[in-house]
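What follows is a single structure, written as structure tokens, with notes after it.
The values are calculated or read from the model by the stated rules, or taken from the named source; none is laboratory data. Keep in mind that this is a model prediction, so the values were computed, not measured. Every residue, glycine as well, gets a Cβ built from its backbone with ideal geometry; the counts of neighbours run over all protein chains shown. The protein model used for the area step is the full one, side chains on, heavy atoms only, and it has no ligands, DNA or RNA in it. Shrake-Rupley method; radii C 1.70, N 1.55, O 1.52, S 1.80 Å.
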Amino acid sequence: MDKFVVRGGNPLLGTIKVSGAKNSALPCMAAAILTEDEVILENIPQVRDIETERKLLTSMGAEVELGYGRAQHRTHIKCAVLSDPVAKYEIVKTMRASSLVLGPLIARTGMARVAMPGGCAIGGRPIDLHIKGLEAMGATITQEHGYLEARATRLKAARILFDKITVTGTEDLLMAATLAEGESIFENCAREPEVTDLAALLNAMGAKIEGAGTSTIRVQGVSKLHGARHRINPDRIEAGTFLIAGAITGGDLNVDSCEPQHLGALIHKLEQCGVRIDVGKDHIRVRSGGELKAADISTEEYPGFPTDMQAQFMALATQAEGTSIVTENIFENRFMHVQELARMGANITINGRTATVRGKTPLQSAAVMCSDLRASASLVLAALVADGETILDRVYHLDRGYEHFEEKLRGVGAQIRRMGDVFGKK
Ligand code: EPU
């Protein structure tokens with residue numbers, strides 16, 4: 001298992017480039033199921049979850065060709081024949097977003113067998129709202145031996161009010177509705193930029209979707225979709241992680257190829273912390289003299305403060321003067337990084353969904369364990385300002401969603417390197 005060794009103390013200086021958004025790329029790849037034609041996706045990040053989705057699609061009979069050389073971020077997907085519309089447990093267990101194939105599979109083939117995703121480090125991750133929505137559209141869904149089996153002749157449009165805002169739930173039903181009979185109306189939808197990105201691809205494929213990015217989305221079903229070419233949005237969470245890396249190290253960092261409009265809540269908080277931010281068209285410059293002030297955050301659905309930035313913000317809060325209150329409203333168990341930050345010297349107490357961070361505490365190097373994708377990023381950020389060499393174990397969590405993370409950080413002055421398992425397997 002790979003580890004990172006990080007030596008803290010260097011301010012990050014220079015320009016760092018943001019990749020395409022993993023959480024846009026995953027639903028967009030699933031959308032290719034909806035047509036026999038080729039779908040070409042550009043700006044696909046080279047991360048483990050994308051490779052997992054490639055495996056998932058090929059296991060169903062799709063042809064997926066990843067670009068190489070200069071075209072390495074372009075992916076061609078052709079689902080001419082879907083001989084085996086099954087999402088096997090071996091694949092689903094490593095990536096919960098696999099449930100995104102449920103809606104498109106039923107819509108295209110009239111049947112789907114998808115392994116039930118289990119819980120994960122950050123919480124239960126149920127998909128009851130995907131199931132309820134598809135049932136309202138006429139699918140019959142049964143569960144046996146850990147698999148959901150869904151059948152429908154042709155899905156029918158429905159009016160659905162989501163009980164709770166769900167990102168992949170909105171995406172799953174949106175895809176299903178493109179080929180359903182009649183006009184679907186979805187209310188209380190997720191407004192995340194990833195939903196808007198998916199809707200743009202679907203419309204380019206011939207779908208009739210209005211209102212993506214707002215809480216009410218209307219979809220006029222069509223009988224067939226065709227191929228399209230689409231460029232994936234920049235990854236707002238990767239960009240946000242780099243903004244905090246610049247701020248926490250007292251650096252001067254230009255975060256390039258991002259979409260500043262998607263980062264409003266984080267930029268606002270960083271300014272409250274005393275960080276200087278200059279916003280350009282597709283880049284953000286972050287500067288900090290090292291003097292940070294505490295600020296409270298409370299995670300919410302977009303456009304609120306993203307849960308996917310909570311762990312990274314907490315690392316920053318350990319270096320801010322004063323008390324920061326961090327409230328996690330989206331997932332019930334997303335404080336796994338706290339124990340590890342505490343082992344590095346942070347002063348954090350948890351009470352239910354709230355963590356109180358008292359700063360500023362000097363951080364010391366330690367051996368720490370990554371528990372999920374964003375927790376891993378938080379520990380790297382802490383290690384960048386810790387005294388000495390921190391060793392981060394289980395960085396495969398980080399590899400699921402950050403492209404060439406250590407190389408990008410090294411390019412702006414971080415001392416970070418990857419190590420294989422030094423002791424080998426017994
Ligand atoms: N929920 C239900 N029932 C459902 C679906 C969701 O109760 O059927 C609950 C969840 O348990 C959670 C809340 O609703 O408490 C929101 O979950 P949501 O469905 O929005 O999360 P998701 O779609 O599974 C996506 C991202 C996550 C990100 C969340 C919240 C993808 C592939 N994943 O997950 O990203 O944290 O939205 O913004 O888009 C990450 O990238 O590190 C990551 C975890």
- Residues that are within 16 Å of the ligand (Cβ to nearest atom), assigned to a loop (DSSP other than H, G, I, E, B) and under 23 Å from the mean Cα position of the chain (by Cα), drawn from segment 352-408: R353, C370, S371, D372, R394, V395, R400, G401, Y402, E403
- Query: Where in segment 222-326 are there helices (runs of 4 or more DSSP H), lying fully within it, with 2 or more residues that are touching a residue at least 40 places away in the same chain (Cβ under 8 Å) and open to solvent by 10 Å² or more (accessible area, probe 1.4 Å)?
  - Reply: 236-248, 264-272
- Just need a number here: residues in segment 65-88 that are surrounded by fewer than 18 Cβ atoms within 10 Å (Cβ to Cβ) and either of a type in the set (A, V, I, L, M, F, W, C) or at pLDDT below 95 (or both). 14
- Item | The one condition in (1) at pLDDT 95 or above; (2) crowded, with 22+ Cβ neighbours inside 10 Å; (3) within 16 Å of the ligand (Cβ to nearest atom) that D163 fails to fulfil | (2)
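Of the residues I244, I248, only one is touching a Phe, Trp or Tyr at 6+ places or on another chain (Cβ under 8 Å) and under 16 Å from S324 (Cβ atoms); which?
Working: I248 fails: touching a Phe, Trp or Tyr at 6+ places or on another chain (Cβ under 8 Å).
Checking each option against the conditions leaves just I244.
Return the only residue of P104, P45 being part of a loop (DSSP other than H, G, I, E, B), open to solvent by less than 40 Å² (accessible area, probe 1.4 Å) and closer than 21 Å to R229 by Cα. Give the derivation first.
Numbers: P104 fails: part of a loop (DSSP other than H, G, I, E, B).
That would be P45, the only listed residue that is part of a loop (DSSP other than H, G, I, E, B), open to solvent by less than 40 Å² (accessible area, probe 1.4 Å) and closer than 21 Å to R229 by Cα.
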- Task: Within segment 327-339, track down each residue that is surrounded by fewer than 23 Cβ atoms within 10 Å (Cβ to Cβ), assigned to a helix (DSSP H, G or I) and in contact (Cβ under 8 Å) with a residue 12 or more places away in the chain.
- Result: M336, V338
- Query: Looking only at residues in segment 369-393 that are over 17 Å from T241 (Cβ atoms) and not small (G, A, S), which one is least open to solvent (accessible area, probe 1.4 Å)?
  - Reply: D393
- P126 vs. criteria free of Cβ contacts under 8 Å to residues at least 24 places away in the same chain and surrounded by fewer than 24 Cβ atoms within 10 Å (Cβ to Cβ): yes
